[in-house]
Amino acid sequence: MPVEDVFRRHQGRTVLVTGRIERGRVRIGNEVEVVGPSRGPIAVVDGIEDGRVRIDEASAEMNVGVLLRGVAADVVERGQVLATPGSIDTYAAFTADITLLSEEQGSTAVVVGDRLCFYTRTAVLWGTVTVLHGTDVVRPLHGAGVTVALEEPVALEEGQAFAFRHRGRAAGSGIVTQLPR
């Protein structure tokens, strides 16, 4: 579940994180890992809320609040992911296929070394692009294979979609095709 928002409850003894569950299910008492820029802490699910109604279990496609015990509120932030311990890793680089929007939609050419703002799940971070196959530029309405070097690690998986902005404007989208081994 990507973390959308974080709230402190009961004078900071419990942390409520909200988000939409991507896959699987979570039950009260399960252990979850907070995956972010580095391996995060393991917390216990103390409760699950769906529209302020307490439930015992939540599954994929549900927007829920998850109460966590055993983790400080300042450790959890938007852009991180709650997952089964050890099921997802963080990466600071990846290979992807990207497609640029048209010039009418605001896109501009992307040149090797351009610094783009990437949006993946609920995370927003900066990264530098290198175009594969000897090309130095990707023009609007074209696609290309690229490698991206992010400024900080984020939870990623192969096949994951992302969007990016260039010079403050929506520029295109892409799919992660390969992660470092």
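Some points to look at:
- D (Stokes-Einstein, µm²/s), Kirkwood Cα radius, the chain, 0.890 mPa s at 25 °C: 141 µm²/s
- Taking Cα centre as origin and charging only the Cβ of basic (Lys, Arg, +1) and acidic (Asp, Glu, -1) residues, the dipole magnitude of the chain rounds to 320 debye.
- Qualifying GluC sites (Glu not before Pro) in segment 1-79, where qualification requires a DSSP coil assignment and no more than 16 other C-beta atoms within 10 Å, comprise E4, E22, E61, E77.
- Positive-end residue of H10, T128, T99, charge dipole of the chain with Cβ unit charges: H10
- Short-range pairs are left out: with C-alpha atoms under 8 Å and at least six residues apart, the relative contact order of the chain is 22 percent.
- Placed amide H near D114: partners under 5 Å, 5+ positions off or other chain: V129
- In this structure the chain gives 52 Å² per residue of accessible area when probed at 1.4 Å with all protein chains present.
- Charge sum, other residues only, whose C-beta stays under 14 Å from V110's C-beta, Lys/Arg counted +1 and Asp/Glu -1: +1
- Derived from the Cα gyration tensor, the three semi-axes of the equivalent ellipsoid of segment 110-181 are 18, 15, 12 Å, largest first.
- Where trypsin sites (Lys or Arg not before Pro) fall in DSSP loop in segment 50-116, at most 14 other Cβ within 10 Å: R52
- Environment charge of R54, counting only residues whose C-beta is closer than 14 Å and scoring Lys/Arg +1, Asp/Glu -1: -2
- Computed extension gain for A170 through N30, at 0.36 nm per residue and net of the alpha carbon distance, reaches 46.5 nm.
- Long-range amide H partners of N30 with built H, under 5 Å: V45
- Surrounding net charge for R165, when Lys and Arg each add one and Asp and Glu each subtract one, Cβ distance under 12 Å: +2
- Distance between the modelled labels on E49 and H10, one decimal in nanometres: 1.3 nm (7 Å Cα→Cβ projection).
- For segment 1-96, the calculated P(r) over all alpha carbon pairs, in 5 Å bins from 0 to the bin holding the longest distance, is 3, 15, 26, 28, 18, 6, 3, 1, 0 percent.
The values are calculated or read from the model by the stated rules, or taken from the named source; none is laboratory data. From a predicted model like this one, the values you see are computed outputs, not experimental measurements. All Cβ positions, even for glycine, are placed from backbone atoms using ideal geometry, and neighbour counts span all protein chains on display. For accessibility, only protein heavy atoms count, side chains too; no ligands or nucleic acids. Shrake-Rupley method; radii C 1.70, N 1.55, O 1.52, S 1.80 Å.
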